[in-house]
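S.K.: Here it is, the structure in full.
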Amino acid sequence: MTTPQDPDNRPPEQPYPSAPPPPQQPYTPAPPPLSASELAGHGGYNQPAVPEPKEVRLSFFLWLASAILLIVSSALVLTQRDAALEEARKTAASTPEVTPEQLEAAVNLVLVGSVIVGVVLAALMVLFAMKARAGRNWARITLTVVGVLVLLYHLIGFSLVGLVIVLVVAAAVVTLYLPASKAYFDSAKRAG
């Protein structure tokens, strides 16, 4: 039967030529379910046999606190630009070959460099604290090295905030080496 719109009963025209059907892919079966040991893994590593002790958790939060303090301390350095410039002028008074523009550029470079070092150290502290919380012994050792770097960084420019940061970092390092923490890292090493 034909309709008044299509008296010859033709198939409707397509506005675009049709593409050939996609090639058929061969059937591949689904992978087998994960075993219990594979399900126990976390991020490609096995979980430690010992649960995370409160010392490791405390260390993690101390590292986060010290990273935040370090970023705040680095930002506060920028507010001391005028005092640093005045101190540099007093020091450079004996060397007339240094122009005021050169002196100002040097002070700005030192201040910006100090902020960059502080932010990088804070980011490393957070990254390695997360890895240490997961039981990675190499992160614990790296955090110890970062703690020494933070101490040296704050010995250059002593301040009250710097002293607080050094004390918090020292507490964070010490808690990573307490007996419960050591057992946690040792069990992660055996499991991994």
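The values are calculated or read from the model by the stated rules, or taken from the named source; none is laboratory data. Because the structure is a prediction, the values reported are computed rather than measured. Heads up, the Cβs are rebuilt from the backbone with ideal geometry, glycines too, and the neighbour counts pull from every protein chain shown. These area figures cover heavy atoms from the full protein model, side chains too; ligands, DNA and RNA do not enter into them. Shrake-Rupley method; radii C 1.70, N 1.55, O 1.52, S 1.80 Å.
S.K.: Once a ≥ b ≥ c are taken as the square roots of the eigenvalues of the Cα gyration tensor of segment 71-192, is the result rounded (a/c under 1.5), prolate (a/b larger than b/c) or oblate (a/b not larger than b/c)? Before the final figure, lay out the partial values.
M.R.: Numbers: a/c = 3.79, a/b = 3.14, b/c = 1.21.
Prolate, since a/c reaches 1.5 and a/b exceeds b/c.
S.K.: Rank these residues by their accessible area, most exposed first, probe 1.4 Å: GLU97, GLU55, GLU104. Display every interim value, and only then the final one.
M.R.: Working: GLU97 130, GLU55 40, GLU104 70 Å².
Putting GLU97, GLU55, GLU104 in descending order of accessible area: GLU97, GLU104, GLU55.
S.K.: Here's something else I'd like to know. When only Cα pairs under 8 Å and 6 or more residues apart are kept, what is the percent relative contact order across segment 58-192? Please list the in-between numbers first.
M.R.: Details: 114 pairs, mean separation 50.9, N = 135.
Relative contact order comes out at 38 percent.
S.K.: Taking all protein chains as present, what is the carbon and sulfur share of the accessible area of segment 121-165, in % to the nearest whole number, probe 1.4 Å?
M.R.: 83 percent
S.K.: Describe numerically, in nm with one decimal, the distance between label points set 7 Å from Cα along Cα→Cβ at LEU160 and at TYR27.
M.R.: 7.6 nm
S.K.: Report, in debye and to the nearest 20, how large the dipole of segment 117-192 comes out about its Cα centre when Lys and Arg carry +1 and Asp and Glu carry -1 on their Cβ.
M.R.: 340 debye
S.K.: Return the loop-located chymotrypsin sites (Phe, Trp or Tyr not before Pro) in segment 59-160 (DSSP other than H, G, I, E, B) with at most 11 other Cβ atoms within 10 Å of their own Cβ; answer none if there are none.
M.R.: Values: sites: PHE60, PHE61, TRP63, PHE128, TRP138, TYR153, PHE158; in loops: PHE158.
Taking segment 59-160 and a limit of 11 other Cβ atoms within 10 Å, the loop chymotrypsin sites (Phe, Trp or Tyr not before Pro) found are PHE158.
S.K.: Run down the lysines and flag those whose C-alpha is under 27 Å from the C-alpha of LYS54, throwing out any fewer than 8 positions away in its chain.
M.R.: Qualifying lysines at Cα under 27 Å: LYS131, LYS182, LYS189.
S.K.: Below 8 Å, C-alpha to C-alpha, sequence gap of six or more: please give me the relative contact order for segment 109-185 in percent. Please report the intermediate quantities before stating the final value.
M.R.: Numbers: 35 pairs, mean separation 20.1, N = 77.
The normalised contact order for segment 109-185 reaches 26 percent.
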